[in-house]
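To keep things clear, I will list the structure first and then write my remarks on it.
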């Protein structure tokens with residue numbers, strides 16, 4: 001198969017990102033996700049189907065089918081910034097692991113161009129499919145949301161055993177693994193819960209960094225645009241001081257910890 005002909009479904013391309021891997025990056029958002037996190041800030045990426053979302057009162061189609069060959073020229077535009085900053089391309093979503101017949105080929109194309117590559121992932125996928133990504137991926141930014149599987153299922157719709165197993169497999173593979181924790185009030189924002197995640201991350205071979213991602217409600221308007229309910233509307237973001245207290249708790253694990261990506 002000519003990998004340039006592989007076709008996938010994306011819903012956005014974000015340029016000049018500095019929070020989703022090293023340097024200045026372009027993020028490609030892929031459609032489809034097996035999780036239904038209550039706080040998800042990209043609900044337009046959850047369903048694989050093409051949807052229409054109202055943005056500022058006007059309908060906007062969310063979803064575009066593209067081949068690797070068609071997409072690469074749109075990523076080359078910012079090559080100067082990738083080279084100067086050590087940046088590159090990050091695949092996000094949705095969940096990029098849900099398109100194993102497209103995303104690895106896109107990463108392959110990016111590597112052939114000499115670009116640094118990264119994926120942002122929940123890790124919820126069969127490892128035999130994830131293995132397709134490994135040869136073309138430099139960095140994996142992976143969420144570990146909770147250590148308790150029942151609570152994880154309550155807030156995301158899926159258990160966490162497969163995720164934790166895949167975190168260990170990523171750690172043993174030839175990628176840089178960075179653990180991210182979306183810190184969500186009522187879900188995992190106690191020092192004990194954050195410490196448990198940090199201690200798990202510290203046991204993963206080669207993992208050195210952990211990022212705490214503060215809860216925000218920037219995606220709330222998207223739910224309204226999709227005519228969906230946003231169940232977290234009454235939850236307030238945490239203060240800077242509280243996040244710093246959680247950061248200090250995480251640092252006891254010995255990892256290099258920071259707030260934000």
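Each value in this text was obtained by applying a stated rule to the coordinates, not by laboratory testing. These numbers come from a predicted model, not from an experiment. Cβ sites come from the backbone with ideal geometry, for glycine too, and all protein chains shown count toward neighbours.
Some notes on this structure:
- Working from Cα pairs under 8 Å separated by at least six residues, relative contact order for the range 3-259 is 19 percent.
- Bridge type composition, the chain - antiparallel percent by DSSP, nearest 5: 35 percent
- The range 54-158: C-alpha pair distances exceeding 25 Å, %: 34 percent
- Legend: calculated FRET efficiency, residue 60 to residue 38, from the Cβ-Cβ distance at R0 = 22 Å, rounded to 0.05, equals 0.40.
- Those residues of the range 211-226 whose amide nitrogen sits under 20 Å from the label point placed on residue 49, 7 Å along Cα→Cβ: 222-226
- Debye intensity ratio in log₁₀ form over the Cα atoms of the chain, taken at each q of 0.09 Å⁻¹: -0.39
- In the chain, helices alone account for a calculated mean residue ellipticity at 222 nm of -8500 deg cm²/dmol, with every DSSP H run of four or more residues adding -39,500 (n - 2.57).
- For the range 190-261 versus the range 62-140, the spacing of their alpha-carbon centroids is 24 Å.
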